[in-house]
Amino acid sequence: MFKNRAIKKYYNQLYPLLNQRYGANDTYTKGQILRTVNECGFKEKYAVYALGIFLEKDLFEQLADEYHDVDLDAVRKELADKFFNGNTEYSFKQDKAVFVGNAGHSSIGATGGGSGE
């Protein structure tokens, strides 16, 4: 239950904060995503799901060594089933309009700005 709530929060509220902090980019770095999760009060325990949403598939798959205890394919499949009609080839860049439509729904304030890694 907590995991699902955290994932929905990442999906609905993280993009407006990334946009506010780093601009309306087609991609964000792992550092930008994790920093925003950490500094804006999201649950860090499930941050791999935030990475799964906002990193391109090839970059997400490169996290295998760092997240060796997590089945990244299963994470991506779960996200695809929840938000992308089961399409595991989803891309934040391609589906950015969905996130832009949610941009006004953030209840978490951003703290600071700056550039990412």
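The values are calculated or read from the model by the stated rules, or taken from the named source; none is laboratory data. If you're wondering where the values come from, they're calculated on a predicted model, not measured in any experiment. Cβ placement follows ideal geometry from the backbone for every residue including glycine, while neighbour counts extend to all protein chains displayed.
Yes or no, residue by residue, for (1) assigned to a helix (DSSP H, G or I); (2) touching a residue at least 24 places away in the same chain (Cβ under 8 Å); (3) under 15 Å from LYS8 (Cβ atoms); (4) out of contact with any Gly (no Cβ under 7 Å at 6 or more places or on another chain):
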| position | (1), (2), (3), (4) |
| --- | --- |
| THR27 | no, yes, no, yes |
| ILE33 | yes, no, no, yes |
| ASN38 | yes, no, no, yes |
| TYR46 | yes, yes, yes, yes |
| TYR49 | yes, yes, yes, yes |
| PHE60 | yes, no, no, no |
| LEU63 | yes, yes, no, yes |
_Just the residues that are touching a helix residue (DSSP H, G or I) at 6+ places or on another chain (Cβ under 6 Å), surrounded by 15 or more Cβ atoms within 10 Å (Cβ to Cβ) and either farther than 22 Å from TYR67 by Cβ or without any contact (Cβ under 8 Å) to a residue 60 or more places away in the chain (or both), please, taken from region 1-11._
ALA6, TYR10
_When residues of region 40-89 are limited to those that are under 23 Å from PHE2 (Cβ atoms) and of a type in the set (Val, Ile, Thr), the one surrounded by the fewest Cβ atoms within 10 Å (Cβ to Cβ)_ = VAL70
*Among the residues of region 19-41, count how many are modelled with pLDDT under 95 and either of a type in the set (Asp, Glu) or closer than 20 Å to ARG76 by Cα (or both).*
3
*Residues of region 1-25 satisfying the condition of being more than 22 Å from LYS45 (Cα to Cα) and outside any helix (DSSP H, G or I)*: GLY23, ALA24, ASN25
*Does region 70-84 contain any residue that is modelled with pLDDT under 95, outside any helix (DSSP H, G or I) and not charged (D, E, K, R)?*
yes
